[in-house]
1. Among 126-132, 319-325, what's the highest-first ranking by average C-beta atoms within 10 angstrom per residue?
2. I need to check one value: relative contact order of segment 108-209, counting alpha carbon pairs closer than 8 Å and at least 6 residues apart, in percent.
3. Could you order 80, 277 by accessible surface area, starting with the largest, using a probe radius of 1.4 Å?
4. Just to verify a number: what accessible area does residue 266 come out at with the full protein assembly present, 1.4 Å probe, Å² rounded to tens?
5. Let me confirm the definition first: pairs of Lys residues in segment 86-232, 8 or more apart or on different chains, C-alpha distance under 21 Å. How many are there?
6. I'd like the distance separating the alpha-carbon centroids of segment 233-251 and segment 61-108, in whole Å.
7. Give me the count of lysine pairs in segment 237-312 whose alpha carbons sit under 30 angstrom apart, restricted to pairs 8 or more positions apart or on different chains.
8. Given Cα pairs under 8 Å that are at least 6 residues apart, what percent is the relative contact order of the chain?
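The values are calculated or read from the model by the stated rules, or taken from the named source; none is laboratory data. Only a predicted model underlies this, so the values are computations on that prediction, with no experimental measurement involved. All Cβ positions, even for glycine, are placed from backbone atoms using ideal geometry, and neighbour counts span all protein chains on display. Note: areas computed on protein heavy atoms with side chains; ligands, DNA, RNA excluded. Shrake-Rupley method; radii C 1.70, N 1.55, O 1.52, S 1.80 Å.
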Amino acid sequence: MFSRIARPTICIATRSLSTSSQNNAKVAVLGASGGIGQPLSLLLKNSPLVGELSLFDIAHTPGVAADLSHIETRAHVTGYMGPDQLDAALKGCDVVVIPAGVPRKPGMTRDDLFNTNATIVATLADAVARNCPEAMICIIANPVNSTIPITSEVMKKYGVYNPNRVFGVTTLDIVRANSFVAELKGLDPARVNVPVIGGHAGKTIIPLISQATPKVEFPADQLSALTARIQDAGTEVVKAKAGAGSATLSMAYAGARFTFSVLDAMNGKDGVVECAYVRSEETECKYFSTPLLLGKHGIEKNLGLGKLSAFEENLVADAISELKGSIKKGEDFVANMK
């Protein structure tokens, strides 16, 4: 039985998910009642970096907020529900995380989600542009390859677009790559780091095994199979859940990891690097995921692709046309909005 004095400090014992530095950041989660939103909000509530947690969704948010507010951590939790309360949820926010949208079901691709999720993201981006235009925006809602261009184009309409503050959260691809490589090599996954570049769907997901730390090597057939597994890992979860949803818990973890990195950097921590899908000039695509050095004002430096193996160069070449199509699809959606 734990005494109040001896109560253990709750932390997530891995990477940047726990930190002793404090901040009073106001963080909004848009889509907080969903399969990703609830565990993500729980992880954010547990962080000393979050002073205020603003939860929004179209249903059930007051209950989620009440539940989380009973947890004995410092973040103050408020819940907002329905379109009429969206603006209030966003006032004064420093970081906005958007997991809102419908999940994939068996047989669906991320593109199958486009029409529904594009409308949701455009509506939420519109509200962010009006209420907290200088916030860091972290988009989880799929298809990320299109929802980041959508967010960017909406922000442009209001004249508040800052490409250094709009991120497509691809961290789950890195988390999966780290786990799978560690499993194959018998390593501690918390000490493995595999950069993943490109986009966040199928063949646009490009794990850079050649740049992994610690250094690892695989025979060509095993490397090909590992790459395919990382690219198809989302479908692996969708099939395993047999119609009951897509990756929620691992995505919540990855979303929290990325958000904490952004908050750490905003709080002045040096050397914070995460991959994310952002406005980019590193390839012929307008948007591309690469490792980024984060700072107080968002992206401090794009660290680029680094030295690629011949295998990885081919993966990049194969991804370009699909990425360009997804980007155009997002831009056209906003251009045709009424």
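1. 126-132, 319-325
2. 23
3. Values: 80 45, 277 0 Å².
Correct descending sequence by accessible area is 80, 277.
4. Using a 1.4 Å probe on the heavy atoms, I get roughly 50 Å².
5. 4
6. Going from one Cα centre to the other spans 22 Å.
7. Lysine pair count for segment 237-312: 8.
8. Relative contact order comes out at 16 percent.
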